[in-house]
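Student: After the structure tokens below, expect a handful of questions from me.
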Amino acid sequence: MAPRSRRKPAAAPKITDRDPQLLRRIYEVMVLTRAVEDRMVAMYRGGDLLGSFYSGHWHEAISVGAASTLRPDDYLAPIHRDLGAHLWRGMEPWQVMASFMGKATSPTGGRDGTLHYGRLDLNIYNLPSHIPANFPVATGMAFAAKYRGEDRVCLAFCGDGSTSRADFHEALTLSSVLKLPNVFVIENNQYAYSTPLRMTSNSETLSAKAVAYGIPGVTVDGTDALAVHDAVAEAVARARAGDGPSIVEGITMRMHGHAEHDPADYVAKELYEEYAKKDPVELYENVLLKAGVIDDDTVKQVREETRQVAIAARRKSLADPMPDPSNIEDGVYAD
Amino acid sequence: MPTKNDNPTYLDAVSAALDAEMERDPDVFLIGEDVGQFGGAFKVTKGFLDKFGPRRVVDTPIAETGFTGLAAGAALVGLRPVVEFQFADFISCAFDPIINVLARHHWRTGDAMPVTMRAPFGARLRAGPTHSQSVESYFAHVPGLKIVMPGTPEDAAGLLISAIRDNNPTLYLENKYLYRRLRAAGPLSLDPIPLGQAKVVREGRDVTLVTYSAGVSQGVEVAEELDKDGISVEVVDVRTLVPLDVETIANSVRKTSRAVVLHEAAKRLGYGAEIAATIQEECFWHLDQPVVRIAAKNTPTPTSPPLEDAVIPQPAEIAETLRKVARA
């Protein structure tokens, strides 16, 4: 059997045939993601944060492109490169900053912190450090939807490094055998911390792994928001129709270190130079400008508004209180 | 609600409790290896697939990490999964989702993950180093898990019902040696027995034997023998290791002033260490003797009968220890 993995999704609709409001919303959330993360990089450098900052620079097209295919009642199991998916769902930027500061107002009230945030009221799973531990959990949320006869799907993200772990394989095996409404998005940023992809996978592509599970797998340009959106939308439709899971791989580049403490000097300069020309936010902005979906004034306005949101978010989260340790033993067990 | 069977086994009790909870709550489902078509490796779920269908009785690939994580996700959004590990020895394959996902999710987020994890464990079936393990101590150290270890058919039923209704990830360890060897005194009640309540299963004056699971029937048998020599042993079945009913244990030890702890798990950092330390903290001034632990040797569990018998606590050792502590 020939691999069903392929480089390009089915013929993409013309930009003029797409919903301009959706296009605009994807743009706004991508720009907001960049603005908040730029601000948080500065906060890391300025000493505002507890530990390091794990950014999603150059992941915006994958994160927002994928999340924008979902309904609000669909489940989402993101990772630490997916601020964009969180913001798409309605996570507040100040909550994320509060998480990185251990504040009482963070989604976990400071009990967990940094990149471990989520909100069940937004149908977002809050993951532990052991990525892709969120993959088996995502099969469970999809299982529950199917169990109840609902047409909700669960979309989970992981990185290239995650595909080596047993829980990746076990989740894909279970989801494909049980035909669960899952979509698995692999954010291939070419590095697992310091280890390059060629040392972590012998597969031609990461989506080629789909062949082993008998499910569709596709690799797209992860700096192209619409390419990601279209590929994931196809996978979501398939899952919603009851036809089981798919893998979508988006190739991008991790333009910062594993986190901000990491200078990532193990990455070849040429790779940075190549991807510096492929900023997903700029690329998408240009697509929309060229198609007349937005104009220069919109760009200025959105960039300025998101910058102000990031500034206000920092002010609020800095002023927020630290948690009270007196109740630390509460909630180890649910009532 | 008594069941039809007059003297159900420990295994019948587990089955009956599962069946009753599945009938009562449509959100309860079973998931694990060979639980459906095959009825489970020990036949605990025999007939369940026919009765409840493949939607609620889910056979899985050999993927303990996968299906434990699946259960966590399903529980997070409102279902009540009952996971079966074919042997407790295989639960190590699911250590990651149990420790890092299930145990701490509620504390981290305030959202519950009510998963019941059933696992047949224990020695004396000559099953060797990777089919005979007692795994309770691996998990008792981790905040956020409850651990239930019934020693009688009556408790097996009532505690499993409570475990399934509990809103926390709960490890329910079935002693596979007892499955077909222990029978209830009469028809089973399927009323829940609260977690966190120890039980004085035999009253006595001279020494308290604190134990759980197979240690309960074993301990009572030895106590009856010692009675003939005028040694009166009180046997306390802790029933749930987490939460631990310190009060019932302490009340008994304050009465007898002597305590022996018994379990089948290896001695070093076995749960007996926790019980002994707790007794020392709670009852130091009441004790006539140091608390003594009876446990397996600090080796893996061997296969061959003379070897396994040399490692696992035997009635003679239990009797001798109790006699010594009671008379010292």
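Student: Among A:Trp88, B:Trp107, which comes first, then next, by fewest other beta-carbon atoms within 10 Å?
Tutor: The fewest-first ordering by Cβ neighbours comes to B:Trp107, A:Trp88.
Student: What is the order of B:His105, B:His131, fewest Cβ neighbours within 10 Å to most?
Tutor: With the fewest neighbours first, B:His105, B:His131 line up as B:His131, B:His105.
Student: Nearest 0.05, what FRET efficiency do A:Leu318 and A:Asp121 give at R0 = 22 Å with Cβ-Cβ as r?
Tutor: 0.35
Student: Could you tell me which of the pairs B:Lys146/B:Lys199; B:Lys146/B:Lys324; B:Lys267/B:Lys324; A:Lys146/A:Lys278; A:Lys103/A:Lys269 are separated by over 29 angstrom between their Cα atoms in the structure shown?
Tutor: Correct reply: B:Lys146/B:Lys324; A:Lys146/A:Lys278; A:Lys103/A:Lys269.
Student: Can you give me the Cα centroid spacing of the stretch B:66-92 and the stretch A:274-323 in angstrom?
Tutor: Taking the Cα centre of each part, the stretch B:66-92 and the stretch A:274-323 sit 42 Å apart.
Student: How charged is the neighbourhood of A:Leu50? Take every other residue with its Cβ under 15 Å from the Cβ of A:Leu50, and add Lys/Arg as +1 and Asp/Glu as -1. Walk me through the numbers on the way to the answer.
Tutor: Values: positive: A:Arg45, A:Lys103, A:Arg111, A:Arg314; negative: A:Asp48, A:Asp112, A:Glu260, A:Asp320.
Summing Lys/Arg as +1 and Asp/Glu as -1 gives 0.
Student: Rounded if a/c is under 1.5, else prolate if a/b beats b/c, else oblate: with a ≥ b ≥ c from the C-alpha gyration tensor eigenvalues square-rooted, which is the stretch B:10-175?
Tutor: rounded
Student: Which percent, to the nearest 5, of DSSP beta bridges fully inside the stretch A:15-320 are antiparallel?
Tutor: Counting DSSP beta bridges with both partners in the stretch A:15-320, the antiparallel share is about 10 percent.
Student: Now a separate question. DSSP loop chymotrypsin sites (Phe, Trp or Tyr not before Pro) in the stretch B:109-181 with at most 12 other Cβ atoms within 10 Å of their Cβ, which ones?
Tutor: none
Student: Roughly how crowded by other chains is peptide A:163-175, in terms of the mean Cβ count from those chains within 10 Å of each of its Cβ atoms?
Tutor: 5
Student: Just to be sure I understand: if I project the alpha-carbon convex hull of the protein assembly as shown onto a plane and average over all orientations, what area do I get in nm²?
Tutor: On the way: hull surface 129.2 nm².
Over every viewing direction, the Cα hull of the protein assembly as shown projects on average to 32.3 nm².
Student: For A:Lys14, B:Lys46, which order do you get if you count the other beta carbons within 10 Å of each Cβ and list the fewest first?
Tutor: Ordered by Cβ neighbours within 10 Å, fewest first: A:Lys14, B:Lys46.
Student: For n ≥ 4 DSSP H runs only, could you compute -39500 (n - 2.57) per run for chain B, divide by its residues and tell me the 222 nm figure to the nearest 500?
Tutor: Working: 11 runs with 116 residues, N = 328.
Helix contribution divided over all residues of chain B: -10500 deg cm²/dmol.
Student: The stretch A:78-100 to the stretch A:127-148: how many Å between their Cα centroids?
Tutor: What the calculation gives is 19 Å, centre to centre.
Student: Could you tell me whether the stretch A:15-320 comes out rounded, prolate or oblate from its Cα gyration tensor? Rule is a ≥ b ≥ c as square roots of the eigenvalues, rounded for a/c under 1.5, then prolate if a/b exceeds b/c, otherwise oblate. Before the final figure, lay out each step's value.
Tutor: On the way: a/c = 1.31, a/b = 1.25, b/c = 1.05.
Taking the square roots of the gyration eigenvalues as a ≥ b ≥ c, the stretch A:15-320 is rounded.
Student: Determine, for each peptide in A:316-326, A:253-263, the mean count of other beta carbons within 10 angstrom over its residues, then list the peptides with the highest first.
Tutor: In descending order of packing, they fall as A:253-263, A:316-326.
Student: Averaged across B:57-66, how many Cβ atoms of other chains sit within 10 Å of each residue's Cβ atom? Let's see the in-between values first.
Tutor: Working: counts 0, 4, 2, 5, 7, 2, 11, 3, 11, 15.
The per-residue average across the peptide is 6.
Student: Still on this model: The stretch B:239-271 to the stretch B:14-65: how many Å between their Cα centroids?
Tutor: Taking the Cα centre of the stretch B:14-65 as reference, the centre of the stretch B:239-271 is 33 Å away.
Student: Now, a different point. What relative contact order, as a whole-number percentage, does the stretch B:10-175 give when Cα pairs under 8 Å and 6 or more residues apart are counted?
Tutor: Across the stretch B:10-175, relative contact order equals 24 percent.
Computed from the coordinates by the stated procedures, all read-outs in this text should not be read as laboratory data. Because the structure is predicted, anything quoted here is derived from the model rather than measured. All Cβ positions, even for glycine, are placed from backbone atoms using ideal geometry, and neighbour counts span all protein chains on display.
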